[in-house]
Every structure is written in C-alpha cells, then in structure tokens.
Amino acid sequence: MNVPKIDIIVPVYNVEPYLRKCVDSLLNQTYDDYIISLVDDGSPDECPVICDEYAINYPEKIRVYHKQNGGLSDARNYAVERSKSEFVIFVDSDDWVSEHFIQNLVEGLTSSEIDMVVSPYYRATETSEGFSIYFNMSTKAPCAMEMEEALVELCKEKYYGNHAWSKLFRLGLLKVYPYPKGKYYEDSYTTYKHIAHSRLVSYVSTPGYYYLQRKGSIVRSEFQRKHLDVIYATQEMVKYMIDNHFSRKTISFGVYKLLRNAHATFIHAKREQDFDIIYDEIFLILNQYKEYFPAINQSLKEAMIHKLMMSCRLLYHFMILYKKE
C-alpha cells in the first residue's frame with residue numbers, strides 16, 4: 001500500500017457508545033488519499049474489539065495500535081512516531097466529522113510553505129432525542145497567515161480554537177513538538193508551539209468537525225487542582241512570546257488569553273473551599289504581565305475589556321490598577 005498523504009489519528013479510550021459514529025464518519029469522506037490510525041490506549045470496554053473489527057473490514061483504510069494506557073497525549077505521540085504520511089489530522093473518538101472534512105482541510109494547502117491548516121467547528125451536546133448541534137464561531141475569507149498573525153487569532157479564539165482537532169499538521173511539527181504527558185489541557189501546551197514554528201498557517205472557513213461535550217469532559221467536570229494547567233500552559237505561551245521577542249501586540253493578546261482563562265477558571269472554582277488560595281496563586285501570575293494591559297485596551301473594544309474584567313473580583317482589581325497607572 002502506498003503511503004497516504006493524510007494520517008487521521010484517533011486515540012481510543014472508553015468511548016464504546018460513540019466510536020462507531022466517529023469511525024463511520026471518517027470512512028465516508030469525499031477525499032480518498034488518507035489512512036485512519038486507531039490507537040487503543042488500553043481501553044477497558046469493547047473498544048479494542050470494535051477497532052479490530054474495523055481493521056478487518058477495511059484493511060486498506062484502517063490500522064490499529066494496541067498499547068498500555070498512557071493518556072491522550074501518549075496515544076497521539078505513539079501514532080505520530082509511527083506515521084509515515086506527510087500530514088496528520090487528529091480526531092477525538094467521541095466526535096465525528098462531515099463528509100467534506102478532510103477535503104476542506106486539504107484545500108487549505110495552497111502553498112508548499114503551509115505547515116498547518118486550521119478551521120472552525122461545531123459543538124454538540126447529547127439530548128434525549130440524539131444530539132443538539134450549534135455553531136457559535138465567526139468566519140472570514142480563507143487566507144494564509146504569517147506566524148504572529150496566526151498566534152493572535154489563536155489567542156482570540158474567534159475563528160478557530162486551541163484544540164488539536166479540526167486542524168491539519170505537517171508531520172514534522174508533531175515529531176519535534178510532541179504533546180506533554182500527564183497534563184490537562186495538553187493542547188494549550190502545544191498548539192502555540194506548532195503555530196510558532198510554522199512558515200505559514202492556512203485558515204479555511206468551512207466547519208466540518210463536530211465536537212461533543214460530554215458530561216465527563218474537562219469543561220463539564222468538577223474543579224480539581226489539575227484544571228489550573230490551563231493557566232500554567234497559557235503563562236508558558238506568554239513567556240515564550242516574550243523570550244522570543246514577539247511584537248508587543250502579539251504578547252498583549254497572549255496576556256488577554258491568560259485573563260480569559262483566569263476568568264473561566266474562577267467561574268469553575270468559585271465553590272471550592274481553597275478558592276482564596278487559587279485566587280492568590282493566579283493573581284501572582286497575572287501581576288507579572290500588567291504592563292501589557294494598556295496594549296490590550298488599545299487592541300480590543302473598551303466594552304469588551306470591562307465585561308471581561310468586571311466578571312470576577314480578580315479581573316476587576318486589575319482594571320482598577322490599570323486605571324491608576
């Protein structure tokens with residue numbers, strides 16, 4: 001079998017009710033030059049059997065890896081290290097895609113210098129009658145972006161998100177910058193690196209990915225200390241921008257993303273007994289970057305900043321500090 005241009009990597013763990021819908025959607029594509037890599041990450045349910053059934057029925061299209069459980073990052077990295085394709089697309093095994101999904105991303109490869117293709121996506125929630133699907137992102141004309149422009153748009157999360165899915169990567173990027181093991185929000189630790197080391201990033205405006213927000217997902221689970229990883233990852237991104245002398249505008253949007261994540265974290269943790277400890281810890285992190293607040297104010301509408309900062313006492317406190325200075 002010739003090496004296909006696209007490798008669709010699907011980590012699989014404890015998703016028996018959703019796996020067939022995911023794989024069936026990947027098999028039903030208008031684009032043909034791809035292979036599906038199902039990575040059974042030691043799943044305790046019937047997922048390993050389901051994966052093997054698909055591999056038997058579609059030997060030219062599906063390969064299966066069985067490994068000990070190591071987490072989402074480890075499963076992705078495992079398949080990346082074994083891939084020989086030119087490009088990789090990640091799909092979570094409880095999500096699904098439209099029939100034009102791969103084709104739309106491939107059409108974003110308008111230049112040999114494009115190392116990533118990004119796109120908007122749909123959100124889905126389970127209901128008693130099936131799934132409720134909605135789209136709450138903005139779109140713009142397809143374009144190729146320089147690295148810093150793509151990072152600014154990543155921080156805004158207006159046209160595309162921080163997730164590994166709904167994107168196409170040149171394989172080399174993923175091998176040099178793998179996903180961190182043992183972290184929550186592993187995409188927040190890596191997507192900015194992939195963009196920062198891309199020559200060009202292409203944006204396509206057609207959504208084709210359906211992201212299912214299950215009850216057990218990170219965004220819908222009870223707060224735990226490890227949820228602070230999103231703060232640490234975003235701080236790491238801002239530090240990377242500063243250390244590598246990115247423009248003040250780009251750094252300011254990195255700080256803006258840090259503020260937004262602080263806001264979301266406080267909403268998530270507001271009922272915790274050690275909320276004051278969490279508050280103090282994040283306050284110390286944000287305090288390091290308050291010099292960038294004026295630049296944020298220049299880049300975004302004043303009303304948006306007020307809405308963001310008034311939404312919790314920490315951000316309100318920073319707004320007061322900024323006004324005094």
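Residues checked against (1) touching a residue at least 40 places away in the same chain (Cβ under 8 Å); (2) over 25 Å from the mean Cα position of the chain (by Cα):
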| residue | (1), (2) |
| --- | --- |
| 19 | yes, no |
| 26 | yes, no |
| 30 | yes, no |
| 39 | yes, no |
| 52 | no, yes |
| 56 | no, yes |
| 68 | no, no |
| 72 | yes, no |
| 75 | yes, no |
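Residues checked against (1) in contact with a Gly (Cβ under 8 Å, 6 or more places away or on another chain); (2) among the hydroxyl-bearing types (Ser, Thr, Tyr); (3) outside the structural domain of residue 34 (by TED's automatic domain parsing):
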residue: 168; (1), (2), (3): yes, no, no
residue: 172; (1), (2), (3): no, no, no
residue: 199; (1), (2), (3): no, no, no
residue: 202; (1), (2), (3): yes, yes, no
residue: 241; (1), (2), (3): yes, no, yes
residue: 255; (1), (2), (3): no, no, yes
residue: 262; (1), (2), (3): no, no, yes
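Could you pull out the residue among 132, 119, 138 that is of a type in the set (Gly, Ala, Ser) and surrounded by 19 or more Cβ atoms within 10 Å (Cβ to Cβ)? Before the answer, list the steps.
Numbers: 132 fails: surrounded by 19 or more Cβ atoms within 10 Å (Cβ to Cβ); 138 fails: surrounded by 19 or more Cβ atoms within 10 Å (Cβ to Cβ).
Going through 132, 119, 138 in turn, the sole match is 119.
Select, from 242, 231, 251, the only residue that is farther than 21 Å from residue 9 by Cα, modelled with pLDDT of 90 or more and in contact with a Phe, Trp or Tyr (Cβ under 7 Å, 6 or more places away or on another chain). Give the derivation first.
Values: 242 fails: in contact with a Phe, Trp or Tyr (Cβ under 7 Å, 6 or more places away or on another chain); 231 fails: in contact with a Phe, Trp or Tyr (Cβ under 7 Å, 6 or more places away or on another chain).
Result of the check over 242, 231, 251: 251.
Would you mention how many residues in the range 243-260 are free of Cβ contacts under 8 Å to residues at least 40 places away in the same chain and touching a helix residue (DSSP H, G or I) at 6+ places or on another chain (Cβ under 6 Å)? Lay out the reasoning, then the answer.
Let us first name the residues in the range 243-260 that are free of Cβ contacts under 8 Å to residues at least 40 places away in the same chain, namely 243, 245, 258.
Cutting the leftovers down to touching a helix residue (DSSP H, G or I) at 6+ places or on another chain (Cβ under 6 Å) gives us 258.
Total meeting the criteria: 1.
The residues of the range 179-195 that are surrounded by 20 or more Cβ atoms within 10 Å (Cβ to Cβ), in contact (Cβ under 8 Å) with a residue 40 or more places away in the chain and not in a loop (DSSP other than H, G, I, E, B), listed by number, are 186, 188, 189, 192, 194, 195. Among all residues of the range 85-99, there is at least one that is out of contact with any Ser or Thr (no Cβ under 6 Å at 6 or more places or on another chain), more than 18 Å from residue 63 (Cα to Cα) and surrounded by fewer than 19 Cβ atoms within 10 Å (Cβ to Cβ). If I ask for residues that are under 16 Å from the mean Cα position of the chain (by Cα) and within 17 Å of residue 113 (Cα to Cα), which ones from the range 171-192 would you list? Across the range 171-192, the qualifying residues are 173, 174. Taking first residues from the range 121-133 that are farther than 17 Å from residue 165 by Cα and free of Cβ contacts under 8 Å to residues at least 24 places away in the same chain and partners that are acidic (Asp, Glu) and surrounded by 14 or more Cβ atoms within 10 Å (Cβ to Cβ), the Cβ contacts under 9 Å between residues at least 6 apart in sequence or on separate chains come to 132/126.
Residue check: is residue 35 in contact with a strand residue (DSSP E or B) (Cβ under 7 Å, 6 or more places away or on another chain), over 26 Å from residue 188 (Cα atoms), buried (at least 20 other Cβ atoms within 10 Å of the Cβ) and touching a residue at least 40 places away in the same chain (Cβ under 8 Å)? Taking the combined requirement at face value, the residue satisfies it. Residues of the range 77-103 that are under 18 Å from the mean Cα position of the chain (by Cα) and closer than 26 Å to residue 130 by Cβ: 89, 90, 91, 92, 93, 94, 95, 96, 97, 101, 102.
The values are calculated or read from the model by the stated rules, or taken from the named source; none is laboratory data. Please read all numbers here as calculations on a predicted model, not as lab measurements. All Cβ positions, glycine included, derive from the backbone under ideal geometry; neighbour counts span all protein chains shown.
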